[in-house]
């Protein structure tokens, strides 16, 4: 069995939505100190719809593929749907990731949430703080054997 699915390889070698939105309504940047992956997601919002999304990722193939897939999954969707996107959904859409690379899909979820939170903060839109947990707080509690 191949380590990476055809979808992971496709999104790694032909990533969608790469780049920067100079007029982004929200920007989310997250990173994982253990592996060195850094993701930056830019969103453009019209009404309540994410009309455009771009990303820049410094990291491994799984991180790039996760960023690409996640942007495809939220583009054209309402913010409420984008907030429901989980790392599990990203990994499943890629036909799976190796267990030691699942953190890449987590980063994609966190980057999208961070971009939406930034959008809300810039617009003074109230939100439930529970929707935007601090990923650094969770890192301290997650231990792998």
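The values are calculated or read from the model by the stated rules, or taken from the named source; none is laboratory data. All of these numbers come straight from a predicted model, not from anything done at the bench. Every residue, glycine as well, gets a Cβ built from its backbone with ideal geometry; the counts of neighbours run over all protein chains shown.
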Original post:
Would you call residue 44 surrounded by 15 or more Cβ atoms within 10 Å (Cβ to Cβ) and in a helix (DSSP H, G or I)?
Top reply: no
Original post:
Out of 8, 106, 90, which single residue is over 14 Å from the mean Cα position of the chain (by Cα) and in a helix (DSSP H, G or I)?
Top reply: 8
Subject >> Residues (within 14 Å of residue 58 (Cα to Cα) and within 13 Å of the chain's Cα centre (by Cα)) located in region 29-44 >> reply: 29, 30, 31, 32, 37, 38, 39, 40, 41
Subject >> In region 109-137, residue nearest to residue 45 (Cα to Cα) [restricted to those that are over 17 Å from the mean Cα position of the chain (by Cα), modelled with pLDDT under 90 and assigned to a helix (DSSP H, G or I)] >> reply: 129
**OP:** Return the only residue of 37, 52 being surrounded by 15 or more Cβ atoms within 10 Å (Cβ to Cβ), in contact with a strand residue (DSSP E or B) (Cβ under 7 Å, 6 or more places away or on another chain) and modelled with pLDDT under 95.
**Re:** 37
Original post:
Out of region 20-31, which residues are assigned to a loop (DSSP other than H, G, I, E, B) and in contact with a helix residue (DSSP H, G or I) (Cβ under 6 Å, 6 or more places away or on another chain)?
Top reply: 25
Subject >> Unique match (being closer than 22 Å to residue 16 by Cβ, outside any loop (DSSP other than H, G, I, E, B) and without any contact (Cβ under 8 Å) to a residue 24 or more places away in the chain) among 39, 73 >> reply: 73
